[in-house]
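Values quoted throughout were computed directly from the atomic coordinates according to the rules given, and no laboratory measurement underlies them. Predicted, not measured: the structure shown is a model, and the values here were computed from it.
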Amino acid sequence: MAPTSESIVKRGNYGIKLTKYEYKHGKYVKYWWSYKHNSPEKFLIIFVEVKHHKKYVAKKEWTKKYGNYKGHGKTDLHAIRGKPGKYVIRIVKYDDHDYVYDESKPFWYKDYDYKDDYDDEYDDEYDDY
């Protein structure tokens with residue numbers, strides 16, 4: 001595995017752990033997490049470009065929305081559209097993108113992979129971050 005930016009981030013110890021993820025070329029990233037009773041109520045899923053450490057917010061998640069100390073989600077690739085490179089997804093603190101709960105292994109995103117099948121109204125969802 002290639003080196004990531006782990007040395008420049010703070011690690012959280014709230015027990016939110018990325019248990020699995022699935023990158024579907026040009027479509028989406030699915031992810032699953034586990035948590036503990038003292039985990040924060042919400043967190044962000046962000047894409048981090050490995051070489052330059054650029055961060056792109058993908059989605060806000062509610063930690064305990066499914067119960068049973070597990071959760072899952074899915075996000076499209078809109079946040080990194082037009083920005084090909086090697087990425088990881090990170091679970092980070094809602095108000096501090098450098099406070100990392102967990103991180104995936106790297107995957108390659110190529111711009112020609114992107115499939116533009118989202119609705120224009122979906123674009124407004126990202127304006128709040």
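Annotations
- Annotation: amide H-H contacts under 5 Å for Tyr101 (H modelled 1.01 Å from N, sequence separation of 5 or more, or interchain): Gly12, Ile91, Val92, Lys93.
- For the stretch 35-50, Karplus couplings with θ = phi - 60° (6.51, -1.76, 1.60), whole Hz, Gly/Pro x: 8, 10, 4, 9, 5, x, 5, 9, 8, 10, 9, 10, 9, 10, 6, 5
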